Amino acid sequence: MILTDTQIIAAIEKKEIVIEPYNRACLGTNSYDVHLGKTFSNYTEAILDARKPNPTRTFEIPEEGFVLQPGTLYLGVTMEYTETHTTVPFLEGKSSVGRLGIDIHATAGKGDVGFCNYWTLEISCVHPVRIYAGMPIGQLIYFEVDGEIENYYNKKKNAKYNTVSDKPVESKMWLNKF
């Protein structure tokens, strides 16, 4: 079941969901709009290696915006810090963003119960498009959990993305054993 606006408000009041900064105007019928943060990263090597850390360059989106180029993966971040303690958060792109040809996540649209952080966005586009810090970029949808949780994400010893960062976090695939 997806939480409605009134259920999201109740969960925020009980601190089961935390959104900072929170703006009631961003609450939809059954979702909450999140915005593009000012910090971006992209990988500097032509070939990425899943077994090692891959260097990135980090920069801020200037006031006049930044033009995304097709064929490049950009790592962005939400302006909002979120915590989810009793529901499963899903991050989906806003339809207006999709209609500009922008994808905000390649594979990682689902969070885990216990996720407490900013969201790193895996941004790509189909043609050049100018984007701006602070623009609405996605929406969080919350799903109820059925059953007890044994291993919350923020308490997992091997969770790779638990360190709070308001900057995009590159892949840590290399920390896996394979």
Matching strands (runs of 3 or more DSSP E) fully within region 1-99 where at least 3 residues are among the aliphatic types (A, V, I, L, M) and either farther than 15 Å from E144 by Cα or over 19 Å from the mean Cα position of the chain (by Cα) (or both):
74-84
Within region 130-145, restricting attention to residues that are touching a Phe, Trp or Tyr at 6+ places or on another chain (Cβ under 7 Å) and among the aliphatic types (A, V, I, L, M), which residue is farthest from N23 (Cα to Cα)?
I131
Hey, G147 hits all of (1) of a type outside the set (A, V, I, L, M); (2) at pLDDT below 95; (3) at negative phi but one; which does it fall short on?
(3)
For S41, are the conditions met, namely being closer than 30 Å to F178 by Cα and crowded, with 18+ Cβ neighbours inside 10 Å?
yes
Listed by first then second residue, the pairs whose first member lies in region 41-53 and is closer than 23 Å to D166 by Cα, whose partner is among the basic types (K, R), with beta carbons under 7 Å and at least 6 positions apart or on separate chains, are S41/R57; N42/R57; T44/R57
Where residues in region 100-145 are touching a helix residue (DSSP H, G or I) at 6+ places or on another chain (Cβ under 7 Å) and assigned to a loop (DSSP other than H, G, I, E, B), which of them is surrounded by the most Cβ atoms within 10 Å (Cβ to Cβ)?
I104
In region 53-78, which residues are of a type in the set (D, E, K, R) and surrounded by 10 or more Cβ atoms within 10 Å (Cβ to Cβ)?
E60
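The values are calculated or read from the model by the stated rules, or taken from the named source; none is laboratory data. This structure is a prediction, so every number in the text was calculated from the model and none was measured. We place every Cβ from the backbone using ideal geometry, glycine too, and count neighbours over all the protein chains shown.
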